[in-house]
Protein chains: 4
Amino acid sequence: MPDTSRLNFASDNAAPVLPEIMEALARANSGPARAYGNDPLTMKVEAKLKEIFECDLKAFPVATGTSANVLGLSVLTPPFGVVYCHRLAHIEEDECGAPEFYTGGAKLALMEGEMGKLSAGALRTKIRHAGQGVPHHAQPAAISITQASECGTLYRADEISAIGEVAKEFGLSLHMDGARFANAVASLNAAPAEITWKAGVDVLSFGATKNGAMAVEAVVFFDLEKAREFEFRRKRGAHLFSKMRYLSAQLDAYLANDLWLTTARKANAAAARLAEGINKIEGASLLYRPEANILFARLSQEVIARLAKTDIVYYPPSEAQPDVMRLVTSWDTREADVDLMLDVMTGKV
Amino acid sequence: MPDTSRLNFASDNAAPVLPEIMEALARANSGPARAYGNDPLTMKVEAKLKEIFECDLKAFPVATGTSANVLGLSVLTPPFGVVYCHRLAHIEEDECGAPEFYTGGAKLALMEGEMGKLSAGALRTKIRHAGQGVPHHAQPAAISITQASECGTLYRADEISAIGEVAKEFGLSLHMDGARFANAVASLNAAPAEITWKAGVDVLSFGATKNGAMAVEAVVFFDLEKAREFEFRRKRGAHLFSKMRYLSAQLDAYLANDLWLTTARKANAAAARLAEGINKIEGASLLYRPEANILFARLSQEVIARLAKTDIVYYPPSEAQPDVMRLVTSWDTREADVDLMLDVMTGKV
Amino acid sequence: MPDTSRLNFASDNAAPVLPEIMEALARANSGPARAYGNDPLTMKVEAKLKEIFECDLKAFPVATGTSANVLGLSVLTPPFGVVYCHRLAHIEEDECGAPEFYTGGAKLALMEGEMGKLSAGALRTKIRHAGQGVPHHAQPAAISITQASECGTLYRADEISAIGEVAKEFGLSLHMDGARFANAVASLNAAPAEITWKAGVDVLSFGATKNGAMAVEAVVFFDLEKAREFEFRRKRGAHLFSKMRYLSAQLDAYLANDLWLTTARKANAAAARLAEGINKIEGASLLYRPEANILFARLSQEVIARLAKTDIVYYPPSEAQPDVMRLVTSWDTREADVDLMLDVMTGKV
Amino acid sequence: MPDTSRLNFASDNAAPVLPEIMEALARANSGPARAYGNDPLTMKVEAKLKEIFECDLKAFPVATGTSANVLGLSVLTPPFGVVYCHRLAHIEEDECGAPEFYTGGAKLALMEGEMGKLSAGALRTKIRHAGQGVPHHAQPAAISITQASECGTLYRADEISAIGEVAKEFGLSLHMDGARFANAVASLNAAPAEITWKAGVDVLSFGATKNGAMAVEAVVFFDLEKAREFEFRRKRGAHLFSKMRYLSAQLDAYLANDLWLTTARKANAAAARLAEGINKIEGASLLYRPEANILFARLSQEVIARLAKTDIVYYPPSEAQPDVMRLVTSWDTREADVDLMLDVMTGKV
């Protein structure tokens, strides 16, 4: 049996840091620099993001995806507000109540939605019946969508625009959790502007960590007015880094020469290759067409048992869905890794 | 005039990262690793801290000093609690309300105290009159002391023990903000255990960032029972890092071969050299004997004007105290830097 | 057409105060009394509740049903906790985020359940998959059930015991929203102890306002240890009344001579009479068998149109369910009121 | 020795309810009424307050003084805000952290100030050095003054205007805790408008409970824009009363025929009579000239011992100030009560 020790399909978080980013950190490590973001690198990153998004904006580096999401939401919703999101959204499932904490007690209203995505129609119906203006009810404040979604699927520009219209109609803000925004842009081949501010997005969590950074995301405000409170909320959340240059250096390298897109394309391609292989396995199938770097496969117990015998890292199926496995690829997943995984699944090795 | 561009006495935050730590990050950057702290490095760091503190403990890496403080305090005080601290404490002055946020609204009760330190006697008097058990009053819950203090002074083991006694007497917890704990240990030449758990400290913010790390502190619980909630509060605060290995790698290198102490000694020595020089300047004086890497100097307007003409980085005196300057050294402050600074101050260059 | 001006089926909140309670307020209004609950009436009420519930307990008067619920929940769940409740629960639907506010950001996990009730089986499944101990997930902390439910149905003692077992199994607390507890006791003809602490309930919101008081509920702790924090949380929530005697006087009269049960029986009987009449209307039907003082009727558009022409007060059907009407009776609903309502519905008058 | 059982100088909270208010409650208790403030009495009260304050305003009844204060403050300050108040303010001393809770963690910045009052000058200095715009520091948001103050002293219109100017200068809101506003108006003989909105006050807690109501205060917004959020915050704080008519009935009677002023004058006169008598006692003196219904007297141990032998209710001197006693009168303090109190103090009876 070949060595499977570097196979990890549990999370793109398991991947190491891109060499270009390690080099940028080393370059940044010279002499003193002004603390707390008053350094030249931090300003350079904001300028680069303006170029990428073709608009004026405010960008704030933070170190975790959860902090990007919940700090963003905290300026969009009052403590008596409601944030509409998919039942499977990271902010609901995987943040241990951080959105409630940062908003001072706002509610997440959970919605169903095919392929892990919200629909404008369902949102409109739900918000219309939410009792806007009635003090007995928490008040509709924001919609949060995830791009790429938790199911590995993508929102098209027109789908986002339709949701943006609903937000506008009821006076809500639109938030995008873009922990895997790079994978979405790479896959859709869309201009970043088209699937964000032009479609009504007010605040974007622009992820980098899952796509090869060490620990950095940018909270991007297209609505500059809403950015005013952000610095205070970031500090009060204990997310203002003293040695900010080391966050900004990561982003700087990430954005240079389209590294973020090149890298995302590699992860997406690995997922596509894996999907193709799984589709060929007798009795296996995919729950959704994988559009980014996540896939959900329905597998036979035989296949699951084969994987269980190895040291390959992945999340085993849940008790609730014992034949469904989530598999995630990263910039560091090589073609050979995918092929070896498939060989294990099919019993070839 | 010689080149003063690398002179920075504003903050130890301005210093770059220790080469040993950069190397450790590079070493850690190989292949996949389990996310969220389930990696070998994170476990190794906790074991090393047990050795250093000569006791069982729980240690949690976080990335900012503020998060270390406020996450620690959040498990020590209920939302209707009071934390006693010095008027100048970082948790009061420089955290934009983060302690109030993380505790859910606890109060900081501000106290005077000579040389930036709390005294056991003043604490006892204050807490005795605080109305324990009376529902009209927020309830005494914790005492927070800073070692080294904001004034650059140090608590001796017996001073801490006396405060620990007060905490015990009234059923409060004792928290130590150790953003500059290394500077304190290096200067006091004390065993870490003597000035922490043996003196009654329940939770320590064990700093590393200001002393040469990129962005890491450890929240150290000597009271293991109080650590139970911590993991949930860290995640909910958005301070659980997915790629935790890069926090732990920093701590690992920092603790190895007494690097943390060697480095702190350098910063302390630079401050002592600077203090000695200032003491010799006509009309200049120190507000406190510097025991760590911070000093406060009373300077003539002539000296202040000389500095203002350079590109040396420091915080100018405040409007309230126009002749007092705070100067901070770091592991990266060289003897030549200090001497050049003194030459500028005295008008020699 | 006869005078329908006193017909109100919108809410038991619309009813006036029982004459016995008005008299008790007048009796209490003599000379000075110690403030904040240190008066004899407040102690007497707690003693009476011990007698009624046949156990030791702690009881705290507050003035609103929402405050009773959320103050109770605030001591049962940490800020990173989850409270399991029915999708229709008052704490979810009608409290504008008060539970999230008072718990410091805990989540309500909404569940379906027939006839407005939770089932032990569904709770067990849901909690088992909730990720207890995993820091990414908010932590199961409490179950909240409503007796009588929002649908006007009741939990039997064995149903509550089964839910109490689930709570115990996973280490959760059990909270009961008893805004209409009197209606439940009167209808079930059960001993209060049987459907509360003997069945595993830790904290009960013992309602009085909807059943004829002016503004008072008692938060009853059967788990005395959990009551310790309550007084601080009540004051901090601004719900400690200075002139407490006027809250306690209401409860004193309410509990004397079984007034609370007599009164609830009247409201229940009015609902039963109304239900019986509706069942006889061509094309009308009840969604649930009414067990307390609330009923949901499916009505023809003809009947709905007849009501719309009058000044009778009720909540019109929602846009989502245009043929369903909620009707609520109170201690002040007379037989003649019910008969007149039915005459209007059937077009007799 | 005569009967001293009705003597209570501990608090105006100890007094019973005015007969006019009891009668108004009885009158309101007839037939059904729309819940939650949609009743005619609640609207009438707002109209009456517009007349009294000679301006447009929004008024919201709540039941406790603490809720009036903290709900008002919660719309004036963000969670990262600072509220400037006197060290002795009720919001700091007697609300168990309710302001911090309702604001989501804002800080109270405590200030000294003669006779329990803030001065415009000290506020200007303090706010100027508070670091507006700097993310490390909690941000100045509001000033809160107490009229009548905790020391029983009063702000003149020009003193309030000067503070209002400071608020405007730095962009802060001005809040007035008027738990004893009636006593202030009665004593100053000022138009309510002159000492509130014309002097820059944005929100007033208009107290009634301490001056003869059962449990009601009005939160009065002169800045209508700031009132928009209030209804949601009141409900979420669990302070929206279902049977609101019984709060409004109290206010209605309180405001009719200047009852509020007549009553306050009686309490003030009783305090003045008591002050006059104390001034004549050998060795006794007053700390401040009493301007409302509170006085602080320095008394000999002999006098204190005489009181201790009786059943008269008062707060004994604190350990910290063993010769100072706070004495409070109410609408129910009769001349004979005062004279008997003085006779006891002087040893005449």
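Show log10 I(q)/I(0) for segment A:1-129 at q = 0.13, 0.14 Å⁻¹, two decimals, from a solvent-free Debye sum over equal Cα scatterers.
Debye curve over Cα of segment A:1-129, log10 I(q)/I(0) at q = 0.13, 0.14 Å⁻¹: -0.86, -0.95.
Can you give the FRET efficiency to the nearest 0.05 for D:A320 and B:E169, using r as the Cβ-Cβ distance and R₀ = 22 Å?
Working from the Cβ atoms, E equals 0.75.
Given contacts defined as C-alpha pairs under 8 Å and at least six residues apart, what's the relative contact order of segment B:260-346, whole-number percent?
36 percent
What is the Cα coordinate range of segment B:260-346 on the first, second and third principal axes, sorted by size from largest, in whole angstrom?
36, 24, 22
Under the Kirkwood approximation applied to all pairs of distinct alpha-carbon atoms, what is the hydrodynamic radius of segment B:71-114 in Å?
After inverting the mean inverse Cα-Cα distance, the result is 10.4 Å.
Return P(r) of segment D:19-258 (all Cα-Cα pairs; 5 Å bins starting at 0; whole %; ordered from short to long distances).
1, 7, 15, 19, 20, 16, 11, 6, 3, 1, 1, 0
Quantify how strongly other chains surround peptide B:73-81 by giving the mean number of their Cβ atoms within 10 Å of each of its Cβ atoms.
Taking all residues of B:73-81 together, the mean is 4.
Straight-line reach only, C-alpha to C-alpha below 19 angstrom: list the lysines that B:K266 could link to, leaving out same-chain residues fewer than 8 apart.
Within the straight-line cut-off, B:K266 pairs with B:K210.
For n ≥ 4 DSSP H runs only, could you compute -39500 (n - 2.57) per run for the protein assembly as shown, divide by its residues and tell me the 222 nm figure to the nearest 500?
Per the formula, -11500 deg cm²/dmol.
Measure off 7 Å from each Cα along the Cα-to-Cβ vector at A:A193 and B:E114, then give the distance between these two points in nanometres to one decimal.
Here the answer is 6.6 nm between the modelled labels.
Averaged over B:160-169, how many beta carbons belonging to a partner chain fall within 10 Å of each residue's beta carbon?
Across B:160-169, the average partner-chain Cβ count within 10 Å equals 0.
Suppose the Debye formula is applied to equal point scatterers at every Cα of segment B:127-229; what is log10 I(q)/I(0) at q = 0.21, 0.22, 0.23 Å⁻¹?
Here the Debye-derived log intensity ratios amount to -1.09, -1.16, -1.22.
Treating each Cα of the protein assembly as shown as an identical point scatterer and ignoring solvent, apply the Debye formula and state log10 I(q)/I(0) at q = 0.08 Å⁻¹.
-1.05
I'd like the mean, over residues of D:126-134, of how many other protein chain beta carbons sit within 10 Å of each residue's own Cβ.
Averaged over the peptide's residues, the number is 2.
What distance in nm separates the simple spin-label points at B:E335 and D:R228, each placed 7 Å from Cα in the Cβ direction?
Taking the two extended label points, one gets 6.5 nm.
So how many Lys-Lys pairs in segment A:39-154 land under 24 Å Cα to Cα, not counting same-chain pairs under 8 apart?
6
For chain C, with a Gaussian network of springs between Cα atoms less than 10 Å apart, report the residue from C:L286, C:L247, C:L154 with the top mean-square fluctuation.
Its mean-square fluctuation being the largest, the pick is C:L286.
Under unit Cβ charges (Lys, Arg +1; Asp, Glu -1), what dipole magnitude, rounded to 20 debye, does the protein assembly as shown have relative to its Cα centre?
Here the protein assembly as shown has a charge dipole of around 0 debye.
Sorted by mean Cβ packing within 10 Å, highest first, what order do the peptides D:97-106, A:167-176, C:263-272, C:137-146 take?
The densest-packed peptide leads the list: D:97-106, C:137-146, C:263-272, A:167-176.
For segment D:277-295 and segment C:145-164, what is the centre-to-centre distance using only Cα atoms, to the nearest Å?
Centre-to-centre distance over Cα atoms comes out at 61 Å.
No lab work stands behind these numbers, since they all come straight from the coordinates. Just so we're clear, the structure is a prediction, and the values are computed from it rather than from any experiment. Positions of Cβ are generated from backbone atoms using ideal geometry, with glycine treated the same way; all protein chains shown enter the neighbour counts.
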